[in-house]
Every structure is written in C-alpha cells, then in structure tokens.
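The values are calculated or read from the model by the stated rules, or taken from the named source; none is laboratory data. Computed from a prediction, not measured in an experiment: that's the story for all the values here. Cβ placement follows ideal geometry from the backbone for every residue including glycine, while neighbour counts extend to all protein chains displayed.
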C-alpha cells in the first residue's frame, strides 16, 4: 500500500533590535532585557485584557492598573534576563569556552543575585542559586536537542 509523506518546516518571524552600547557585554545584557521584558509585558497584557473583557467593564482605573502591571513585570523579567545573559557571557569569557557549564554558572549566579536582592535568608539564596543553575542548564540541554 503506497503512502505519501509531507515534509516541511514552520518558522516564526524573527525580529532583532540591536542597540549598540559600545561593549559586547552591555549589548547582550540590554538585548536580553528588551526581549524578555517585552515577552513579559505582552503576557501581562493578554491576561489583563482577558480579565477586563470577562468583567465586561473597561475603566480608566483598570487600564492604568494593567499598564503599571505590564511595566513592573516587564522590568522584573527583563532585569533577570539581562543579568543572566551577562553572567553567562562573563563565564564564557573567563573560561574561554562555550558550553553548558557557562549556562549553569550564569543561572546559579543570577539566582543568587536575584535572591540576595529579594531575601535576607542564606538558605533562600542558596536555593535560588541551585534553581537558577538547574533551569539554565536544562534550557541549554533542550537547545542542544533541537
């Protein structure tokens, strides 16, 4: 019995905005901040739009609340991404090689830095470092699979 095979690929549009800060480290940090910050703000915009439509009441207060939440989340996640990209790049430059260990080090340092800024507990800082390293390493391994 004959069969037919269809082959193809699906790609998403790619938008690159480059802001030249005069230093590759700063360029990567700002790029990470802008990309992930935009994604976080878009996520909040979608959620807030759903909640406003569900309530059926559009008011100036709800729109202001949504905009403040978008800015806060965008800045928070953008900062985390910028710190992570910078730490990974720094590990790559110091070690002189590009591999998964840079992601692990960058994630651990980012987790520790963000936890230090948010907590006073040494245990939470260690857990943040372990979590950041684990997530970054897992993401790097998943990138190798695709």
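Out of all the residues in the range 17-24, is one or more part of a helix (DSSP H, G or I), under 20 Å from the mean Cα position of the chain (by Cα) and at pLDDT below 95? So far as the range 17-24 goes, yes, one or more of its residues are part of a helix (DSSP H, G or I), under 20 Å from the mean Cα position of the chain (by Cα) and at pLDDT below 95. So which residues in the range 76-109 are in contact with a helix residue (DSSP H, G or I) (Cβ under 9 Å, 6 or more places away or on another chain) and not in a helix (DSSP H, G or I), if there are any at all? Residues satisfying the conditions are 98, 99.
Is one or more of the residues making up the range 51-69 closer than 20 Å to residue 37 by Cβ and buried (at least 19 other Cβ atoms within 10 Å of the Cβ)? No: zero hits. You will find that of 138, 112, 91, the residue that is under 15 Å from the mean Cα position of the chain (by Cα) and free of Cβ contacts under 8 Å to residues at least 24 places away in the same chain is 138 and no other.
Applying the set (1) closer than 24 Å to residue 44 by Cα; (2) touching a helix residue (DSSP H, G or I) at 6+ places or on another chain (Cβ under 6 Å); (3) surrounded by fewer than 19 Cβ atoms within 10 Å (Cβ to Cβ) to residue 73 leaves exactly one unmet item: (3). Residue 52 satisfies every condition listed in (1) within 30 Å of residue 14 (Cβ to Cβ); (2) assigned to a helix (DSSP H, G or I); (3) touching a helix residue (DSSP H, G or I) at 6+ places or on another chain (Cβ under 8 Å) except (1).
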